[in-house]
Amino acid sequence: LVFRDLVAFVAQLQRTLLDIHTLLDYVKILHPLLTSPPSKPVHANPTWMGCFMRNTKICEGLYFVGVPVVARR
């Protein structure tokens with residue numbers, strides 16, 4: 001039972017650290033680009049997962065800051 005608890009704790013710790021890393025990436029990279037969008041699209045970051053969406057305005061905004069996006073109609 002102790003080993004299972006340790007495995008569960010490590011998994012929760014990894015998830016929390018990934019959440020913190022994601023938030024820091026957003027604050028450091030995406031937020032400045034979203035508040036003052038560039039005139040040309042930034043190269044997409046291949047380490048980011050990306051997203052699917054229907055709202056064209058949001059899709060364009062994320063595309064210009066380098067988030068991989070797919071527009072769905």
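The values are calculated or read from the model by the stated rules, or taken from the named source; none is laboratory data. Everything numeric here is computed off the predicted structure, so don't read it as measured data. Backbone-built Cβ (ideal geometry, glycine too); neighbour counts: all protein chains shown. The area values use the complete protein model at the heavy-atom level, side chains included, leaving out ligands, DNA and RNA. Shrake-Rupley method; radii C 1.70, N 1.55, O 1.52, S 1.80 Å.
The label point for Gln14 and the one for Lys40, both projected 7 Å from the Cα toward the Cβ, are 4.0 nm apart. Taking each DSSP H run with n ≥ 4 as -39500 (n - 2.57) and averaging over every residue of the chain yields -16500 deg cm²/dmol at 222 nm. About the centre of its Cα atoms, the chain shows a dipole size close to 340 debye [charges on the beta carbon of Lys, Arg (+1) and Asp, Glu (-1) only; nearest 20 debye]. The modelled label-to-label distance for the pair Asp5/Arg72, using points 7 Å beyond Cα in the direction of Cβ, is 4.2 nm.
Per atom type, the chain shows carbon and sulfur on 66% of its accessible surface, probed at 1.4 Å. Restricting the chain to chymotrypsin sites (Phe, Trp or Tyr not before Pro) that sit in a DSSP loop and have at most 16 other Cβ atoms within 10 Å of their own Cβ leaves Trp48.
With a Förster radius of 30 Å applied to the beta-carbon distance between Leu23 and Met53, the computed FRET efficiency rounds to 0.90.
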